[in-house]
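S.K.: Sharing a structure, written as structure tokens. Questions coming.
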Amino acid sequence: MRTELSFTPLATIATELLAVLAADTQTEKGPDAKPKPTLLTADPAVQAAAANVLATGEYKGGANETILLHAPAGLAAKRLLIVGVGKLAKATVHSVRDAAGTAVRYAKPRGIREVALALPSFESLRGAAVARAAVEGAFVGDFDADTYRSDRKDQSIQTFTLAVAGTLTVADDAGRAAVEAAFAEGVIVGESQNFARSLVNEPGNKLTPTILGQRAALMAQEVGLGWEVHSTEKLHELKMGAFWSVSQGSAEPPALIVLRYEPAGVTDGPVLGLVGKGITFDTGGISIKPADNMEQMKYDMAGGAAMIGAMRAIALLKPKVRVIAVVCAAENMPSGTAQKPGDVQTAMPIAPDKPGKTIEIINTDAEGRLVLADGLTYARQLGATHLIDAATLTGAISVALGKITAGAFSNDDAAYDKFESALAISGEKFWRLPLGDAYADLIKSDIGDIKNTGGRWGGAIIAAEFLHVFAEDTPWIHLDIAGMAWVEEKRPFIAKGPSGIGVRSILEWVRSF
Ligand code: BES
Ligand code: MN
Ligand code: ZN
């Protein structure tokens, strides 16, 4: 998708489709309070073109509600699409992100290849942050998962234009320079999120750990990140017994993917460690999963993909902080060489002269925490002062939070505060759940240090406590995205398929240092 900023008056933009936003400005409540759809674009030509349809009452300005006008009088555009953001009082920059996605997804199946979106001129919904969100939303909307359909028509939007005429002020956040910079950022962020989504979308046979490593390396070369991709030998050398135990049952070798962002001149301060679960397919191993829905387990590398996508954005946006990503990629398979319940594995030691922690394997399907255990230790050994991990770790997180909100955990309030601020920018929904010794007690093992599962209740928290054993006192955030990595029902602004959750929030967390 090509993107451009336009400063010309809306009426003169000759495009296939001009999208403008509307909100419901009704503030009264009660049965007589009819919706009051109001355009968020002050441009008189657009106002005139939309006046009749808004007066009919058939359009309410609800969130992502659309209505289309052909050959709108007085406009050079062939079509005018009105997209709602819902109640004005509740509308935010995130509503605009979604509305932009809705405009793009409206156009795609109708053979419309050009979309221009008018940045709202409404006081509280204009300026840099809104411009950025709008471009991001357009990229989110442009993604479809049908990569391998042989009759796939390429429906991608060719040109997305953000029209800002009439919204700019002389300076500040709505100044031209600020909006231009935010627009450029939105392109990078949107492309990076879609890059992560394209990885998550790949089936297990097309994206093995080795291929994930190649894709990450190719991206790293393109954007100028340092990178290394290791395999079996290095896992043995580093004594990554937990990571290796997952991959030992597969014919596909594991990949230990390391991406480094080292900005020039930054030699001290924090080193942020991004650790991702990269299970390219999770059968459950010997504790094999039921056949129903097992095909979904191709997206069990979504945490790793989020880190790879975030690193792409970091490389291009160049924050002044060092970042190192560690993605532990493996395939969890049952076979004659697979690990068994009851096996005891020794995790990577934090230093060569220290013993690694021993793990009793109760369930080979609790494999994500095993690869992350060694990933977290390795990131710390490479100098990470702060850690964040992302993983499709537990089904239990969906039981707790549904498929509406992702889970977050942290051993450090200061690090987590930064993450909360990042969420305000990203618009992604995470909710912090507790950690605690009483949960940690549930994974004490009789034969070794810890076991990899701890009973039925509080499964997402127990998994987090397992990781906590390896993060120790290093400030650490754990993101359980199992319920959010895949969009199960299409929405007006996003296709069914990989969501790319995490990329934006992790990026903003990094930028907050
Ligand atoms: N990859 C799964 C978790 C998952 C489930 C991700 C559904 C996405 C959708 C993970 O490896 C797993 O199997 N977890 C087990 C843990 C259990 C054995 C303690 C689970 O959640 O059932
Ligand atoms: Mn599993
Ligand atoms: Zn898994």
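The values are calculated or read from the model by the stated rules, or taken from the named source; none is laboratory data. In this text the structure is predicted, and so the values were computed from the model without any measurement. Here Cβ is always computed from backbone atoms with ideal geometry, including for glycine, and neighbour counts include all displayed protein chains. Side chains are part of the model used for accessible areas, which takes the heavy atoms of the whole protein and leaves out ligands, DNA and RNA. Shrake-Rupley method; radii C 1.70, N 1.55, O 1.52, S 1.80 Å.
S.K.: Please determine, in degrees from 0 to 90 and to the nearest 10, the orientation of helix 176-201 with respect to the longest principal axis defined by the Cα atoms of the chain, where the helix direction is its Cα long axis.
M.R.: 50 degrees
S.K.: Exactly which trypsin sites (Lys or Arg not before Pro) in segment 471-513 are in a DSSP loop and have at most 11 other Cβ atoms within 10 Å?
M.R.: For trypsin sites (Lys or Arg not before Pro) across segment 471-513 that sit outside H, G, I, E and B with at most 11 neighbouring Cβ atoms in 10 Å, the list is empty.
S.K.: A follow-up question, please. Would you please put 283-295, 195-207 in order of how densely packed they are, using the mean number of other Cβ atoms within 10 angstrom per residue and starting with the highest?
M.R.: 195-207, 283-295
S.K.: Can you give me the distance in nm between label points at Glu472 and Leu317, each placed 7 Å from the Cα along the Cα-to-Cβ direction?
M.R.: That separation, rounded to one decimal, is 3.1 nm.
S.K.: Just to confirm the filter: which trypsin sites (Lys or Arg not before Pro) across segment 308-345 are DSSP coil and have at most 12 other Cβ within 10 angstrom of their Cβ?
M.R.: Lys320
S.K.: Taking the Cα centre as origin and putting +1 on Lys and Arg beta-carbons and -1 on Asp and Glu beta-carbons, what dipole magnitude results for the chain, to the nearest 20 debye?
M.R.: 1200 debye
S.K.: Using a basic spin-label model with each label point 7 Å from the Cα along Cα→Cβ, how many nm lie between Lys34 and Val344?
M.R.: Each label point is offset 7 Å from its Cα along the Cβ direction, giving 7.6 nm.
S.K.: Of Lys234/Lys318; Lys206/Lys289; Lys277/Lys403; Lys60/Lys490, which ones are farther than 25 Å apart at the Cα?
M.R.: With Cα atoms farther than 25 Å apart: Lys234/Lys318.
S.K.: Antiparallel as a % of all DSSP beta bridges within the chain, to the nearest 5?
M.R.: In the chain, DSSP labels about 40 percent of beta bridges as antiparallel.
S.K.: Nearest 10 degrees, 0 to 90: what angle lies between the long axis of helix 44-56 and the longest principal axis of the chain (Cα atoms)?
M.R.: With rounding to tens, the tilt is 90 degrees.
S.K.: For segment 1-61, which trypsin sites (Lys or Arg not before Pro) pass both filters: DSSP loop (anything but H, G, I, E, B) and at most 14 other C-beta atoms within 10 Å?
M.R.: When the trypsin sites (Lys or Arg not before Pro) of segment 1-61 are filtered for loop state and at most 14 Cβ neighbours within 10 Å, Lys29 remain.
S.K.: What is segment 204-511 by shape, rounded, prolate or oblate, if you read a ≥ b ≥ c off the alpha carbon gyration tensor as root eigenvalues and call it rounded for a/c under 1.5, prolate for a/b larger than b/c, and oblate otherwise?
M.R.: Because its axes are fairly even, with a/c under 1.5, segment 204-511 counts as rounded.
S.K.: So how tilted is helix 128-142 from the main axis of the chain? Cα-based, degrees 0 to 90, rounded to 10.
M.R.: Tilt relative to the chain: about 70 degrees.
S.K.: Can you tell me how segment 414-475 classifies by the Cα gyration tensor, rounded, prolate or oblate, using a/c under 1.5 as the rounded cut?
M.R.: prolate
S.K.: Continuing with this model, one more query. So how exposed is Thr337, as accessible area in Å² (1.4 Å probe, rounded to 10)?
M.R.: Answer for Thr337: close to 80 Å² accessible.
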